[in-house]
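Asks: Before I ask anything, here is the structure I am working with.
The values are calculated or read from the model by the stated rules, or taken from the named source; none is laboratory data. Quantities reported herein were computed from a predicted structural model and do not represent experimental measurements. With ideal geometry, Cβ positions are generated from the backbone for all residues, glycine too; neighbour counts draw on all protein chains shown.
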Amino acid sequence: MKAVALTRYLPINDPASLVDVDLPKPTAAGQDLLVRVEAVSVNPVDTKIRRSRPGVVESSPRVLGWDAAGVVEAVGPEVTLFKPGDEVFYAGSIMRPGTNAEFHLVDQRIVGRKPRSLSFAEAAALPLTALTAGEAFFDRLGIDPHGAHCGRTLLIIGGAGGVGSIAIQLARLAGLTVLATASRTESRAWVEKLGAHHVLDHAKPLRPQLEAAGAKHVDYIANFTDTDGYWDAMVDLIRPQGRIVTIVEPRGPVALGALMGKSASVAWELMFTRSMFGTDDMIEQHRLLDEVAALVDSGRLRTTHAETLGPINAASLRGAHARLETGRTIGKLVLAGW
Ligand SMILES: NC(=O)c1ccc[n+]([C@@H]2O[C@H](COP(=O)([O-])OP(=O)(O)OC[C@H]3O[C@@H](n4cnc5c(N)ncnc54)[C@H](OP(=O)(O)O)[C@@H]3O)[C@@H](O)[C@H]2O)c1
C-alpha cells in the first residue's frame with residue numbers, strides 16, 4: 001500500500017523529511033478496524049514529532065498523521081460497532097502508526113461514524129481537534145454540554161487554529177459567552193464567523209481588552225497555544241474559584257501556587273490519554289465523535305476545513321507541514337485522495 005513516512009527527523013525544507021513509501025497492507029485483529037483512508041488532516045503533533053529526534057535514523061519507515069476519514073475495509077473478530085463499508089472518522093492512537101497510509105488500523109472504541117453531510121476531506125478536518133476541545137470542556141472543566149452553565153464566560157486563547165475553531169462552536173452550543181483571541185484581520189473574521197461573542201488580540205495585553213468587553217474575570221480559560229507564555233495572564237484573568245484547561249505541554253515548571261489565592265484549578269488535556277493507557281472509558285471517544293457527527297448533520301456544527309492542499313503524498317504533506325509550522329494557519333489543512 002502507499003504511505004508517507006520518515007526515517008530521519010529533518011527540517012521540512014529537506015525533501016527527505018517525508019517520503020513516499022510502499023508498505024505491507026496490515027490485517028485487522030481484535031477490536032481493530034482496517035480503514036481505507038480517503039482524507040487526512042495535519043496537526044501540530046505531526047510537525048512536533050517530525051522534528052523530535054534529530055540525528056536518529058529509524059530502521060523502518062515511521063508513518064505520522066493522526067486524523068482520518070475513510071471507509072471500513074475489514075474488521076477484527078471482536079468488533080461490534082462497525083462493519084465493512086461504513087464511513088468513519090477518527091484521530092487514532094499516538095502509540096500506533098499514523099493515518100498517512102492507504103490502509104490503517106484503529107481500535108473501534110476511538111472511531112466515530114463520519115458525518116453524512118460532509119465529504120471525506122471536510123470530515124477529516126474534525127476528529128483530533130473535536131476530541132481535544134470536547135474533552136477539555138466537558139471532561140476536564142466540567143462544563144455541561146446541554147446548557148446548565150449557560151451564560152458563564154470562557155476565554156479561548158488561540159481561537160482561529162484547528163482546536164480553537166471547533167472549540168468556539170462547542171462552547172456556543174453549551175451556552176457559554178465566548179471570548180476568543182485572534183491577532184490578524186483574517187483570523188479575527190474567522191473566529192467571529194464561528195460565533196465568538198468578543199475577539200481579543202493576543203498580540204496586545206489581554207486585561208484591558210477583557211475590561212473593554214465588560215468583564216473583570218472569566219469563569220473558564222482554555223489555553224490552546226502556549227501554557228508558559230500566558231501563565232501570568234491566566235492567573236490574573238481567571239475568576240476566583242474558576243477553572244483553566246491547557247492542551248500545550250509547558251516548556252518548564254509553572255507556578256501552580258499562584259492560583260491558590262483564588263482557589264482556581266488547572267487541568268491538563270491530552271487527546272491521546274485514553275488510547276495511550278487503554279482507559280476503561282476509552283469508548284467515550286467513540287461517543288463524542290458520534291455526537292459531533294450528529295451535530296454536524298443537524299446543521300449545528302460546521303466543519304473547520306479551510307483548504308485541501310492536494311492528494312495524500314509526500315510532496316503535499318511537506319507543503320502542509322511547512323504551512324502549519326508558520327503557526328498562522330486558520331482552521332484545518334487537509335489532504336484527500338491518493
Ligand atoms: N493536548 C492535546 O491533546 C492537543 C491536541 C491538539 C493540539 N494540541 C496543541 O495545541 C496547540 C494548538 O493546536 P492547533 O491545531 O489549534 O494549532 P494551529 O491550528 O496551528 O493554531 C494556529 C493558530 O494559532 C494562533 N496563534 C499563534 N500564535 C499565538 C499566540 N502567541 N497566542 C495565541 N494564539 C496564537 C494563530 O492565530 P493568529 O493567526 O490570529 O495569530 C493561528 O490561527 C499546538 O501546540 C498543538 O500541539 C494539543
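For (1) more than 15 Å from the ligand (Cβ to nearest atom); (2) touching a helix residue (DSSP H, G or I) at 6+ places or on another chain (Cβ under 6 Å), each residue gets a yes or a no:
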| position | (1), (2) |
| --- | --- |
| 182 | no, yes |
| 185 | no, no |
| 206 | no, yes |
| 213 | yes, no |
| 230 | no, no |
| 244 | no, yes |
| 260 | yes, no |
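Asks: Additional query: For residues in region 152-165 being within 9 Å of the ligand (Cβ to nearest atom) and β-branched (Val, Ile, Thr), which is surrounded by the most Cβ atoms within 10 Å (Cβ to Cβ)?
Replies: Among those that are within 9 Å of the ligand (Cβ to nearest atom) and β-branched (Val, Ile, Thr), it is 163.
Asks: Could you please let me know if residue 276 is crowded, with 18+ Cβ neighbours inside 10 Å, out of contact with any helix residue (DSSP H, G or I) (no Cβ under 8 Å at 6 or more places or on another chain) and not in a loop (DSSP other than H, G, I, E, B)?
Replies: The answer is no for residue 276.
Asks: Any residue at all in region 94-107 that is farther than 22 Å from residue 318 by Cβ, surrounded by fewer than 19 Cβ atoms within 10 Å (Cβ to Cβ) and of a type in the set (A, V, I, L, M)?
Replies: Yes, that holds for at least one residue.
A quick yes/no check of all residues on (1) surrounded by 13 or more Cβ atoms within 10 Å (Cβ to Cβ); (2) in contact (Cβ under 8 Å) with a residue 12 or more places away in the chain:
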| site | (1), (2) |
| --- | --- |
| 204 | no, no |
| 222 | yes, yes |
| 251 | no, yes |
| 255 | no, yes |
| 263 | no, yes |
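Asks: On to the next question. For region 302-319, check the following and say yes or no: at least one residue is of a type outside the set (Lys, Arg), in contact with a helix residue (DSSP H, G or I) (Cβ under 8 Å, 6 or more places away or on another chain), within 12 Å of the ligand (Cβ to nearest atom) and assigned to a loop (DSSP other than H, G, I, E, B).
Replies: Within region 302-319 (the criterion being of a type outside the set (Lys, Arg), in contact with a helix residue (DSSP H, G or I) (Cβ under 8 Å, 6 or more places away or on another chain), within 12 Å of the ligand (Cβ to nearest atom) and assigned to a loop (DSSP other than H, G, I, E, B)), the answer is yes, since at least one residue qualifies.
Asks: Go through (1) within 14 Å of the ligand (Cβ to nearest atom); (2) over 19 Å from the mean Cα position of the chain (by Cα) one by one and return the number of the condition residue 117 breaks.
Replies: With (1) within 14 Å of the ligand (Cβ to nearest atom); (2) over 19 Å from the mean Cα position of the chain (by Cα) applied to residue 117, the lone miss is (1).
Asks: When region 233-249 is examined, which residues are found to be among the charged types (D, E, K, R) and in contact (Cβ under 8 Å) with a residue 24 or more places away in the chain?
Replies: 236, 239, 243
Asks: Condition first: polar (S, T, N, Q) and modelled with pLDDT under 95. Now tell me which residues in region 34-56 satisfy that.
Replies: Residue satisfying the conditions is 52 alone.
Asks: Residues 110, 94, 49, 12: which one is within 16 Å of the ligand (Cβ to nearest atom) and closer than 20 Å to residue 304 by Cβ?
Replies: Going through 110, 94, 49, 12 in turn, the sole match is 110.
Asks: On to the next question. With the condition kept exactly as written, say whether any residue in region 17-38 is under 23 Å from residue 55 (Cα atoms), in contact with a Ser or Thr (Cβ under 9 Å, 6 or more places away or on another chain) and among the small types (Gly, Ala, Ser).
Replies: no
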